[in-house]
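Engineer: There's a structure below that I have some questions on.
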Amino acid sequence: MNRPNYFIVVLVSVLAGVVIASPASATSYPLDRVTLLWLSDDDPSTIGHQAALNISVPDSPSVDGTFYIYEGTTVPQSGNGIAQLAVNGAGEQKLFTTTTNVGAASRFSVKFVSNNASFSNTNFENIRLTCSAGTYSDSGFGPCLKAPAGHYVAYQGSTEYLACPPGRYQPDEGQMLCLNAPAGEYVPNSGATSATSCSLGTFSSNTGSLFCEVAPLGFVVSLLGSTAPVPCPSGYTTSGLRSSVCHLEQDALESTPRGVLLSTTNATLTMTLAPSPAVAGTISVYQSPHIAGFPSLAGSAVVSTGVTRVEIPLSFNSTDATDFISIKFESSNSNHNTTYWENIGLYCGAGSFSGTGFAPCDIAPAGTFAAGEGNTQATNCAPGTYQPQAGQTGCIDAPAGTYVSNTAASSATQCPDGHFNASTRAASRDACIAAPAGSYVTTTDRTRTQLCAKGSFQPGLGQTSCIKADRGFFVSTDGANKQNKCRRGTTTDVVGSTSCKLSPKTPKLPSSLSRTRFNTVYLDGGKNPNGLRVTISTRAKTCKVQKDPSGYKLIGVKTGKCRITVNIKGNKNYASIAVTRNLQVL
C-alpha cells in the first residue's frame with residue numbers, strides 16, 4: 001500500500017501479541033517492558049521505515065541478553081532478523097529500518113535471548129502496530145495520522161484528535177499536549193496554533209490566559225505583550241481604562257471618556273466635562289489610537305462655557321476600522337491647555353460582546369442577547385424565551401400556543417396537534433394540554449379549546465376536529481363526547497342531526513299478494529290501498545307479468561316457482577319499500 005507523506009509515530013504494546021517463553025525455571029521477560037516504536041519518514045518513495053525497539057529494564061533481577069526483531073507474525077527457527085539490541089542492566093533504544101512498507105496488516109515478532117539464568121529465552125509474536133500519543137487513526141492502529149496543528153492526542157491507540165482549549169495552543173503537528181499562552185499573550189478560542197500578544201492598554205500576568213486584562217485608571221500599558229500595567233508618575237493620570245499614555249492631572253477634562261462601538265462604521269463618545277474652571281473649545285475624535293500621522297477624523301463637537309457633558313456621534317471608514325480612538329481638546333481660553341487622550345478603547349455596544357468588553361466585538365448570535373454596553377459574553381435565552389435574530393439586547397417570550405424547553409433557542413415550538421397552551425413563556429412541553437373529550441383544538445389556533453357544536457361529538461382527548469352524528473343518531477348540546485340513538489319510531493335523514501323525527505310508515509302490500517298458489521291471478525296495482533304507486537316485475541321463466549286496466553296480470557307459463565318484485569314509492573308519510581315474493585305456479 002502507498003504510505004501517506006507525513007511523519008508517523010506508533011507505540012506498539014506487546015500485550016496485543018503472543019508471548020512464548022522457553023520451558024525453564026527462569027523468569028520470562030516482562031510483557032510491559034518491551035515496546036516497538038514506529039517512526040515513519042516523510043519521504044513516500046522510501047521503501048522501509050525507521051523504527052525503534054524500546055527496552056525498559058526491570059528493577060530485578062539483572063538483565064543480560066540480546067533482543068532480535070523480525071518482520072512477520074512468528075519468530076523464525078533461525079536468523080538474526082532485521083535488527084538486534086544487546087541489553088546489559090540498563091534500558092536502551094535501538095533504531096532499525098524495516099525492509100518493506102509498513103501498513104495496517106503488518107506484524108512483527110521479537111525474540112529475547114538471555115545470557116544468564118535471570119530470564120529464560122522469550123518470544124513476543126504477532127505484534128500489531130498501535131498509534132502512539134500525538135497520532136490517531138479510525139481504528140487506533142497503524143498507519144496513523146499526526147494530530148494537526150492546534151490539536152493534540154494524549155494517549156496511544158486513539159481514534160481521534162482533540163482541539164487545544166482556549167488559553168492553550170499548539171503550533172506543530174503530531175503533538176501529545178498543548179502549550180499554555182505565555183504571560184503577556186492570550187488564546188481566546190479553541191484549536192489555536194499560536195497565542196496573540198496583548199494590545200496596548202491591556203496585559204496578561206498569568207500563563208494560559210483566555211483574554212487580556214484592561215489597565216486600570218491611573219495605570220498604562222505602552223508595550224505590546226505586556227505582563228503588568230505601569231502606574232503613572234505623581235501629578236499624572238489617565239483618561240480612563242485601557243490607556244497607554246499618562247497626562248497632567250490639571251489638564252484632564254474628565255475621568256473616563258467612554259466610547260461605545262455601535263457597528264463596524266459607527267460609534268458614539270460620551271465625555272463628562274469638569275464644571276470648573278470654565279470649559280470652552282473644540283473636541284476632535286480620531287479613528288486611530290494615536291493623533292500623530294494625520295489620522296482620519298471620526299467626529300467633533302464645539303463645547304461652550306458651562307457645558308458639563310457632551311455626546312459625539314462617530315463615523316468610521318469601514319475599510320480602515322480601528323479598535324481604538326484618540327481625542328484632542330483645543331481650549332479657546334487659558335483655562336486649559338490642549339489636551340490629548342490616546343488609545344481609548346471602544347466598549348462593545350448593546351447586542352455585541354468580546355472577552356474584554358472592548359472592541360473588536362462579536363455580534364450576539366441568535367438564541368442569545370447582550371444587554372447594555374461592555375459585555376464580556378453573550379447571555380443565552382432562558383427556557384420559555386427565544387431570539388431568532390443576532391445582535392439583540394433581549395429575548396422574546398414564547399407566545400401562547402408554544403413552548404421553549406431549552407436554553408439559547410432561536411425559535412419557539414408549537415404545541416402538538418390537539419393540544420393548547422393559553423399562557424406565554426411556557427418552558428416545557430408539559431405546558432401544552434390535550435383538548436378534553438367533547439372539544440378540539442384547531443391547527444391554526446393552539447391557544448384555546450373549542451366545544452364540539454350541536455350535531456357533532458368527540459369521545460377522544462387531544463383531537464383537532466369533531467365527528468358528525470351518524471344517521472339514526474343525534475347530538476342536541478354543545479361539547480358532547482358521544483352521540484345519542486334515535487328512539488324507536490324516529491330517525492334522521494342526514495348525518496350531523498341535532499334531533500330525530502318520526503319514521504315514515506310502512507305501506508301495505510297489494511292484497512292479492514297474500515295468495516301463494518296460482519295459475520292466473522290479477523294483482524291490484526297502479527295504486528295500492530295506501531294510495532302509493534306500485535310497480536310489479538319478474539325475471540322468472542315460469543311466469544310473466546302483464547299490465548292491464550285492472551293493474552297487473554300474473555300468468556303462469558309453466559309449473560314452478562315464480563319470483564316477483566314489488567316496488568312501492570313512498571312519500572313523506574310512508575317509506576319506500578321493495579318486496580320480493582315467491583309464488584307457486586300450478
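Engineer: Using a 10 Å cut-off on Cβ atoms, rank the peptides 536-542, 208-214, 570-576 from the highest mean neighbour count down.
Structural biologist: Highest to lowest by the protection proxy: 208-214, 536-542, 570-576.
Engineer: Find out how many positive minus negative residues lie around residue 148, taking Lys and Arg as positive, Asp and Glu as negative, among other residues whose Cβ is under 14 Å from that of residue 148.
Structural biologist: Working: positive: 146; negative: 160, 172, 173.
It works out to a net charge of -2.
Engineer: Ok, one more. Please work out the FRET efficiency for the pair residue 222 and residue 193, using the Cβ-Cβ distance as r and a Förster radius of 30 Å; give the result to the nearest 0.05.
Structural biologist: After rounding, the FRET efficiency stands at 0.60.
Engineer: Ranked highest first by the average count of other Cβ atoms within 10 Å around their residues, in what order do 470-483, 357-370 fall?
Structural biologist: Most protected by this proxy first, the peptides run 357-370, 470-483.
Engineer: Which entries of 454/501; 111/146; 541/569; 505/561 have Cα-Cα distances beyond 21 Å here?
Structural biologist: The pairs that break the limit, which is 21 Å between Cα atoms, are 111/146; 541/569; 505/561.
Engineer: How would you rank 273, 177, going from fewest to most other Cβ atoms within 10 Å of each one's own Cβ? Don't jump to the answer; show the numbers that get you there.
Structural biologist: Details: 273 18, 177 13.
Lowest to highest Cβ neighbour count: 177, 273.
Engineer: Based on the alpha carbons, how large is the Rg to Rh ratio for region 349-488 when Rh follows Kirkwood?
Structural biologist: On the way: Rg = 22.9 Å, Rh = 17.3 Å.
With Rh from the inverse mean 1/r over Cα pairs, Rg/Rh is 1.32.
Engineer: So how do 484-491, 339-346, 562-569 stack up, highest first, on mean other-Cβ count within 10 Å?
Structural biologist: 339-346, 562-569, 484-491
Just so you know, all these numbers are worked out from the coordinates, no wet-lab data involved. Owing to the predicted nature of the structure, the values given are computational and were not obtained by experimental measurement. Neighbour counts are summed over all protein chains in view; Cβ atoms, including those assigned to glycine, are modelled from backbone coordinates with ideal geometry.
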